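Okay, structure first, notes after.
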Amino acid sequence: MTSFEQLGLEPALLRALATEGYTAPTPIQVQAIPFVLAGRDVQGIAQTGTGKTAAFALPILQRLAADRRQPPRGGCRVLVLSPTRELASQIADSFRAYGANIGCRVTVMFGGVPKGKQVRAMERGVDVLVATPGRLLDHMQDRTVRLDHVEILVLDEADHMLDLGFIVPIKKIVATMPSRRQTLFFSATMPDEIGKLAGGMLRDPAHVAVAPVATTVERVEQAVIFADQAQKRHTLFALLSGQADGRTLVFTRTKHGADRVVRHLEESGLPAAAIHGNKSQGQRERALAAFKSGEARVLVATDIAARGIDVDGVKHVINFDLPNVPESYVHRIGRTARAGRDGMAISFCAPDERAFLKDIEKLIRTQVPVMAAPAGPGRARMAA
């Protein structure tokens, strides 16, 4: 299929897609949309950047529009669970954009902001609620949210939910929902525990996948630079100094590490911003806006905060610290080479991180090519 019309989407959605500039469906959309429209449960393997949100949002909106009804007070017809604030916000924005001509009520719920506005948004009930598990459980305990009328449940980025320790909260949340519902379950990788969770939530699911489990984005050129921990800052500055344009996303393992990297870059004259769990929601939004506008060419992030960073034109991903969970490497480098563009991912590997590199190479089933450390800013060049 080469068009959204062929997928059976109604004119109101097609107009919204045209307004957003989308002309042809991605492979995950071609595979998933017909199953969701038919009311089937879906288990999907799809990396970030494959068009996954539209693959579930478009058919859900069409189903809501075809069966108009008032949501229950304090409740929702559709619940989307997301691991991070940023991703939750982006999913909600997508529902609003695609449903612009349909008139669905959408609200988002996450921590780090006062509860009052969220409570008021839920009073009359909403069609679509996008939430992080922790804040949703808080509201359920406060009896400001009810889930006994949920018709469709979406669990997005399930493997990252596992990394963040959200599996028990998710089970508590799901236990309060009707057993007769449609469930859509998406994950970039499918470790055993996630497979078991899916098995307990899905009924006769359709399986869709756009890439084999744990493969990395094919268009990403990968490289590793072996460097002592003390050398990493200088290596990073040399690489960034040699980059003429484009955005660079730098990953650190800790929040304090992210702040240290930003401080070093700014002292060296390179504008940078950090995004991590210790930042307020306002600070995170400002950092992301500066990165999108080009005011800050470099964004330094931890894994948790980076979920939901959907920014076009990220040319380079630099793993300042290698992740100790190999699946995180797949997610990190998926931030570049989006929408058919090329991209490059460079990882720094200190002697005590060799085991992490070995685990990553085992997961992606390939050896990451070794790249020589740049000698200095004048000689450092990253791929254009």
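The values are calculated or read from the model by the stated rules, or taken from the named source; none is laboratory data. The structure presented is a predicted model; accordingly, all values stated were derived computationally and were not measured. Note: ideal-geometry Cβ built from the backbone for every residue, glycine included; neighbour counts use all protein chains shown.
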Residue tally, condition assigned to a helix (DSSP H, G or I) and either closer than 22 Å to ASP342 by Cβ or not assigned by TED's automatic domain parsing to the domain that holds PHE320 (or both), over segment 239-260: 3
Residue within segment 52-63 that is surrounded by 20 or more Cβ atoms within 10 Å (Cβ to Cβ), under 15 Å from the mean Cα position of the chain (by Cα) and not hydrophobic (A, V, I, L, M, F, W, C) present: yes
From the residues in segment 161-173 that are within 24 Å of GLN47 (Cβ to Cβ) and either part of a loop (DSSP other than H, G, I, E, B) or of a type in the set (A, V, I, L, M, F, W, C) (or both), which one is modelled with the lowest pLDDT? LEU164
Take the conditions under 21 Å from GLY134 (Cβ atoms), at pLDDT 90 or above and part of a loop (DSSP other than H, G, I, E, B) and apply them to THR176. Does it pass? yes
Within the set of pairs 6 or more residues apart or between chains, which connect a residue that is without any contact (Cβ under 8 Å) to a residue 40 or more places away in the chain and of a type in the set (Gly, Ala, Ser) inside segment 140-160 to a residue that is surrounded by fewer than 21 Cβ atoms within 10 Å (Cβ to Cβ) and assigned to a loop (DSSP other than H, G, I, E, B) with Cβ atoms less than 7 Å apart? none
Can you say whether ALA296 is in the same structural domain as HIS316 (by TED's automatic domain parsing), at pLDDT below 90 and under 19 Å from the mean Cα position of the chain (by Cα), as far as the supplied structure shows? no
Being surrounded by 18 or more Cβ atoms within 10 Å (Cβ to Cβ), of a type in the set (Gly, Ala, Ser), modelled with pLDDT under 90 and over 30 Å from GLY294 (Cα atoms) is true for just one of ALA214, ALA209, ALA198, ALA188. Which residue is that? ALA214
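What about ALA100, is it of a type in the set (A, V, I, L, M, F, W, C) and either touching a Lys or Arg at 6+ places or on another chain (Cβ under 7 Å) or within 27 Å of VAL168 (Cα to Cα) (or both)?
On the way: of a type in the set (A, V, I, L, M, F, W, C): yes; either touching a Lys or Arg at 6+ places or on another chain (Cβ under 7 Å) or within 27 Å of VAL168 (Cα to Cα) (or both): no.
When the stated conditions are applied, ALA100 does not pass them.
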Being surrounded by 16 or more Cβ atoms within 10 Å (Cβ to Cβ) and at pLDDT below 90 is the filter here; which residues of segment 236-271 pass it? SER241, GLN243, GLY246, ARG247, ARG253, LYS255, LEU270
If you scan segment 261-285, which residues turn out to be part of a helix (DSSP H, G or I) and in contact (Cβ under 8 Å) with a residue 12 or more places away in the chain? VAL261, VAL262, HIS264, LEU265, GLN281, ARG284
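Select from segment 111-139 the residues that are of a type in the set (A, V, I, L, M, F, W, C) and without any contact (Cβ under 8 Å) to a residue 40 or more places away in the chain and write down the one among them that is surrounded by the most Cβ atoms within 10 Å (Cβ to Cβ).
LEU137
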